[in-house]
Amino acid sequence: MLNVSSIRAISFDLDDTLWPIWPVIERAEKVLLAWLGEHAPMTAALFASPTALREIREYMHDVVVKKKPEIAHDLAAIRKESIRLALYRAGDDPLLADPAFDVFFAERNRVEYYEDALPALKILAQHYPLISLSNGNAQLDRVGIAHYFKAAVSATGFGVAKPDVKIFLEAARVAGVPPEQVLHVGDDAALDVIGALGAGMQAVWLNRQDKLWPHDSIQPTLEITSLTELTALLLP
């Protein structure tokens with residue numbers, strides 16, 4: 001059961017919590033492919049669909065996990081290196097990876113919020129310090145919500161990804177409260193809920209798709225289907 005009186009700060013996951021991520025990634029991959037068609041035509045021809053670009057990105061992720069696990073949390077680096085590999089395989093200039101990634105990243109930070117997200121952030125930020133806590137590489141200032149948050153903690157910047165308890169403890173540290181006074185909100189049962197509970201936080205599972213809870217031995221502090229429910233519980 002949610003202990004509202006103990007909450008002094010709230011941490012939020014970003015992708016698939018405040019906005020759906022796959023429409024963003026699909027659009028960014030299409031923009032990247034169009035850019036490659038103009039600047040690296042051999043790469044665009046060899047990887048002529050977003051699916052092909054995604055496959056080489058997954059390949060690069062697997063390579064990094066095996067050979068450089070210390071940077072496996074850095075999704076931006078993995079994406080950039082996958083572009084570099086695609087350029088190399090096609091015979092284009094690998095140095096184009098940096099400007100190509102910039103094009104992708106700009107589009108990746110153009111998000112469309114869930115209807116309940118911005119109203120919830122607006123009202124909750126008036127009562128609690130909010131911390132973003134993400135394994136992704138969205139930037140609060142670029143997506144337009146930095147003014148709602150006290151700080152941002154990301155796997156890329158911190159060097160450790162959820163569900164490692166250390167990144168949750170870092171969120172509590174920057175919030176200025178002990179972890180037991182932080183409420184974490186996220187969509188992923190393992191990365192968000194189990195990670196937050198392991199760090200001593202309360203954990204809200206935002207279950208927008210009405211999924212079944214996948215773990216028998218542990219339960220979220222609270223399950224909701226929208227952030228409107230959360231604001232009603234915290235600020236009745």
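Side notes on the structure shown:
- Condition met for Gly176 (surrounded by fewer than 17 Cβ atoms within 10 Å (Cβ to Cβ) and modelled with pLDDT of 95 or more): yes
- Counting only residues that are out of contact with any Gly (no Cβ under 9 Å at 6 or more places or on another chain) and closer than 20 Å to Asp210 by Cβ, the stretch 3-37 holds 5 of them.
- Within the stretch 33-55, not a single residue is out of contact with any Cys (no Cβ under 8 Å at 6 or more places or on another chain) and under 30 Å from Leu169 (Cβ atoms).
- Unique match (being among the hydrophobic types (A, V, I, L, M, F, W, C), surrounded by fewer than 18 Cβ atoms within 10 Å (Cβ to Cβ) and within 17 Å of Asp13 (Cβ to Cβ)) among Ala138, Ala117, Ala161, Ala146: Ala146
- Of all residues in the stretch 46-90 being of a type in the set (A, V, I, L, M) and within 18 Å of the chain's Cα centre (by Cα), the one that is modelled with the lowest pLDDT: Ile71
- Test: residue in the stretch 1-18 that is over 29 Å from Lys150 (Cβ atoms) and at pLDDT below 95: no
- Residues in the stretch 26-45 that are under 26 Å from Ile145 (Cβ atoms) and either surrounded by fewer than 18 Cβ atoms within 10 Å (Cβ to Cβ) or in the same structural domain as Gly186 (by TED's automatic domain parsing) (or both): Glu26, Arg27, Lys30, Val31.
- Filtered residues of the stretch 192-230 (kept if in contact with a Pro (Cβ under 8 Å, 6 or more places away or on another chain), surrounded by fewer than 18 Cβ atoms within 10 Å (Cβ to Cβ) and in contact (Cβ under 8 Å) with a residue 60 or more places away in the chain): Thr228
- Residue match in the stretch 18-34 (condition: β-branched (Val, Ile, Thr) and touching a Leu at 6+ places or on another chain (Cβ under 8 Å)): no
Okay, residues lined up against (1) touching a strand residue (DSSP E or B) at 6+ places or on another chain (Cβ under 8 Å); (2) farther than 28 Å from Val160 by Cα:
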position: Ile10; (1), (2): yes, no
position: Asp13; (1), (2): yes, no
position: Thr17; (1), (2): yes, no
position: Glu26; (1), (2): no, no
position: Leu36; (1), (2): no, yes
position: Leu46; (1), (2): no, yes
position: Val63; (1), (2): no, no
position: Ile71; (1), (2): no, no
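- Evaluation of Ala172 against (1) over 17 Å from Trp19 (Cα atoms); (2) out of contact with any strand residue (DSSP E or B) (no Cβ under 9 Å at 6 or more places or on another chain); (3) touching a residue at least 12 places away in the same chain (Cβ under 8 Å) (one fails), failing number: (2)
The values are calculated or read from the model by the stated rules, or taken from the named source; none is laboratory data. All values derive from a computational prediction rather than experimental measurement. So basically every Cβ, Gly included, is an ideal-geometry build from the backbone, and we count neighbours across all protein chains shown.
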